[in-house]
Amino acid sequence: MKIKILIICAYFLLSINSYSQKQIYTGEINYEVNMLVNESKLDSIAKKMKGSENMKKMIISNMKNQNSINFKLKFNKNESIFEEEKRLKINERKINFTRIIMGNGSYYTNKKTKETLNQKEAYGQLFIIDVSQVKWELTQERKKIDSYVCYKATTFKEVENSKGKNKVEVIAWYTTELPYNFGPNEFNGLPGLILELQEGNLIIKASKINLINKNVEIKKPIKGKKITLEEFNILSKKMYENRRN
């Protein structure tokens with residue numbers, strides 16, 4: 001009788017383990033994106049701006065009161081897609097700088113092929129931009145986000161604009177309790193899911209975690225002109241110079 005009970009218990013534990021392993025590979029994560037505002041810097045910018053005082057006040061007020069935007073990360077065992085959630089089209093009177101900084105389009109990641117692709121519209125054309133793999137520096141610094149113990153990882157992202165090139169620090173907080181190597185935008189490849197990420201003055205936080213016990217199909221973007229990030233930056237620079245002339 002004891003042997004029979006032990007066999008039943010062992011089978012029950014194996015079944016639970018098998019079930020949890022099936023759950024590990026697929027899910028959907030909701031993220032909320034907000035812009036961090038340094039009010040002293042905004043006041044300094046306002047003094048340098050051209051235009052009427054009323055216009056300056058309106059722009060500064062707009063930047064101080066930005067609406068958050070919502071993104072979703074879908075993933076399976078090897079692939080993920082990160083894009084803004086569909087929303088009702090309404091006439092927004094104020095400019096959403098958070099959305100402008102985040103950019104449009106989607107980010108696709110494939111762990112097997114080590115691909116990260118950014119599909120986006122720019123200059124009246126659709127592009128598929130090949131993005132380089134992120135090189136992380138892992139630390140032992142940790143903090144709790146909800147019930148998860150998260151570890152800090154850092155990297156630098158090179159950003160090119162009309163003023164030239166500069167490096168922006170990126171700070172990610174990931175948890176090994178959720179062993180998925182994905183995250184927002186092009187940021188992936190850590191030993192666990194990224195629950196919080198700060199890129200410059202953008203802060204991206206997971207708001208909902210939904211693990212799914214079924215296959216999640218991820219479609220690789222195929223529409224658009226294939227181009228490297230370096231080529232896209234050169235094109236952006238040319239377009240900016242053409243507009244100035």
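The values are calculated or read from the model by the stated rules, or taken from the named source; none is laboratory data. All values reported here derive from a predicted model rather than from experimental measurement. Because the Cβ atoms are built from the backbone with ideal geometry, glycine has one as well, and the counts that use them run over all protein chains shown. Only protein heavy atoms, including side chains, enter the accessible area calculation; ligands, DNA and RNA are left aside. Shrake-Rupley method; radii C 1.70, N 1.55, O 1.52, S 1.80 Å.
In this structure, Phe232 does satisfy being outside any strand (DSSP E or B), over 20 Å from Ser80 (Cα atoms) and touching a residue at least 12 places away in the same chain (Cβ under 8 Å). Evaluating Ile100 against the criteria (1) among the β-branched types (Val, Ile, Thr); (2) under 15 Å from the mean Cα position of the chain (by Cα); (3) at pLDDT below 70 leaves one unmet condition, (3). Which residue pairs have Cβ atoms closer than 9 Å, lie 6 or more positions apart in sequence or on different chains, and pair a first residue in segment 188-212 that is farther than 17 Å from Lys144 by Cα and touching a residue at least 24 places away in the same chain (Cβ under 8 Å) with a second residue that is among the basic types (Lys, Arg) and not in a loop (DSSP other than H, G, I, E, B)? Hits for this filter: Glu199/Lys157; Gly200/Lys157.
Here Glu186 fulfils each of the conditions (1) open to solvent by 40 Å² or more (accessible area, probe 1.4 Å); (2) among the charged types (D, E, K, R); (3) within 21 Å of Lys112 (Cβ to Cβ) apart from (1).
Scanning segment 210-219 for residues that are surrounded by 14 or more Cβ atoms within 10 Å (Cβ to Cβ) and either modelled with pLDDT of 95 or more or in a loop (DSSP other than H, G, I, E, B) (or both) yields Ile212, Val216, Ile218.
Looking at Asn185, is it on the phi > 0 side of the Ramachandran plot and either polar (S, T, N, Q) or in contact with a Gly (Cβ under 9 Å, 6 or more places away or on another chain) (or both)?
yes
Taking each residue of segment 168-180 that is open to solvent by 10 Å² or more (accessible area, probe 1.4 Å) and looking for partners that are at pLDDT below 95 with beta-carbon atoms closer than 6 Å, six or more apart or interchain, yields Val168/Lys157; Val168/Val159; Val168/Gly200. Scanning segment 179-198 for residues that are more than 13 Å from Thr109 (Cβ to Cβ) and either modelled with pLDDT of 95 or more or among the small types (Gly, Ala, Ser) (or both) gives Pro191, Gly192, Leu195, Glu196, Leu197, Gln198.
Residue-by-condition table, conditions (1) assigned to a strand (DSSP E or B); (2) at pLDDT below 95; (3) farther than 12 Å from Glu186 by Cβ; (4) not aromatic (Phe, Trp, Tyr):
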residue	(1), (2), (3), (4)
Leu117	yes, no, no, yes
Ile128	yes, no, yes, yes
Ser132	no, yes, no, yes
Glu141	yes, no, yes, yes
Tyr151	yes, no, yes, no
Phe156	yes, no, yes, no
Glu160	yes, yes, yes, yes
Asn166	yes, yes, yes, yes
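Residues are listed down the side, and each one gets a yes or a no for (1) open to solvent by 50 Å² or more (accessible area, probe 1.4 Å); (2) modelled with pLDDT under 70; (3) closer than 20 Å to Asn181 by Cα; (4) not in a loop (DSSP other than H, G, I, E, B):
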position: Ile16; (1), (2), (3), (4): yes, yes, no, yes
position: Tyr25; (1), (2), (3), (4): yes, no, yes, no
position: Ile29; (1), (2), (3), (4): no, no, yes, yes
position: Lys56; (1), (2), (3), (4): no, yes, no, yes
position: Leu73; (1), (2), (3), (4): no, no, yes, yes
position: Glu83; (1), (2), (3), (4): yes, no, yes, yes
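Looking only at segment 168-178, filter to residues that are assigned to a strand (DSSP E or B) and not β-branched (Val, Ile, Thr); which one of those is nearest to Ser106 (Cα to Cα)? Selected residue: Ala172. Candidates are the residues of segment 220-245 that are hydrophobic (A, V, I, L, M, F, W, C) and within 21 Å of Tyr108 (Cβ to Cβ); the one that is surrounded by the fewest Cβ atoms within 10 Å (Cβ to Cβ) is Ile222.
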